[in-house]
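Report on the structure given below.
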Amino acid sequence: MIKFHEIKVGDIVQVEYEHQRFEGEVIELDHEDKLVRVRTGEQEFWYSPNDLYPILLDDAQLLRFNFNKELNGDKTVKYLRGPFRILLPEKDHFNDFEMWYREDRRHINHPIGVHELQNYYNEMTKVDLTRD
């Protein structure tokens with residue numbers, strides 16, 4: 001489940017429908033009824049936040065967002081998208097990492113979902129993180 005206040009238009013999430021999960025993009029929010037409209041493929045439906053789940057951030061997800069991956073000799077891994085950087089202390093160690101954009105540096109010490117990365121990216125760069 002994702003809390004309603006964490007969700008932004010453009011976020012990539014999983015929705016659960018009839019015990020199956022589908023990946024989709026948030027396209028509209030209804031603040032009054034606390035509902036989220038999500039497009040999964042060609043279909044769009046309204047969901048309760050109870051039916052939304054995060055997609056855990058990992059290497060495959062960053063590559064889908066067109067991050068470039070650099071393996072460093074000291075076992076660290078850096079992901080780059082323009083001037084935005086993510087540094088992992090070791091490969092696939094997504095539960096304790098740093099991200100920065102210019103002088104804004106953040107240390108994340110827990111696993112995050114793709115939608116959270118999108119929200120951090122937007123806060124830091126003032127640009128939406130989308131899959132091109």
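The values are calculated or read from the model by the stated rules, or taken from the named source; none is laboratory data. Everything quoted here is computed from the prediction, not taken from an experiment. Positions of Cβ are backbone-derived with ideal geometry, glycine not excepted, and every protein chain shown enters the neighbour counts.
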Exercise for the section: Check region 76-90 and report whether any residue there is among the β-branched types (Val, Ile, Thr), out of contact with any Asp or Glu (no Cβ under 9 Å at 6 or more places or on another chain) and in contact (Cβ under 8 Å) with a residue 24 or more places away in the chain. Expected result: no
Practice task
Would you check if there is a residue in region 73-81 being assigned to a strand (DSSP E or B), basic (Lys, Arg) and within 21 Å of LYS8 (Cβ to Cβ)?
Solution key: yes
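Table: residues versus (1) in a loop (DSSP other than H, G, I, E, B); (2) surrounded by 15 or more Cβ atoms within 10 Å (Cβ to Cβ); (3) in the same structural domain as VAL9 (by TED's automatic domain parsing); (4) within 14 Å of the chain's Cα centre (by Cα).
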| site | (1), (2), (3), (4) |
| --- | --- |
| HIS93 | yes, no, no, no |
| TRP100 | no, yes, no, no |
| ARG106 | no, no, no, no |
| HIS110 | yes, no, no, yes |
| ASN119 | no, yes, no, yes |
Practice task
For VAL36, state whether it is outside any loop (DSSP other than H, G, I, E, B), of a type outside the set (Ser, Thr, Tyr) and modelled with pLDDT of 95 or more.
Solution key: yes
Practice task
Starting from residues that are acidic (Asp, Glu) and farther than 17 Å from HIS5 by Cβ, keep the ones in region 28-50 and report whichever is surrounded by the most Cβ atoms within 10 Å (Cβ to Cβ).
Solution key: GLU44
Exercise for the section: Within region 4-31, work out how many residues are over 14 Å from the mean Cα position of the chain (by Cα), in a loop (DSSP other than H, G, I, E, B) and closer than 24 Å to GLU123 by Cα. Expected result: 1
Problem - Conditions (1) assigned to a helix (DSSP H, G or I); (2) surrounded by 12 or more Cβ atoms within 10 Å (Cβ to Cβ); (3) out of contact with any strand residue (DSSP E or B) (no Cβ under 8 Å at 6 or more places or on another chain): number failed by HIS115 - result: (3)
Exercise for the section: Scan region 43-55 and give yes if some residue there is closer than 21 Å to ASN122 by Cβ, in a strand (DSSP E or B) and in contact (Cβ under 8 Å) with a residue 40 or more places away in the chain, otherwise no. Expected result: yes
Handout entry: Residue tally, condition free of Cβ contacts under 8 Å to residues at least 40 places away in the same chain and under 18 Å from GLU116 (Cα atoms), over region 11-21
Key = 1
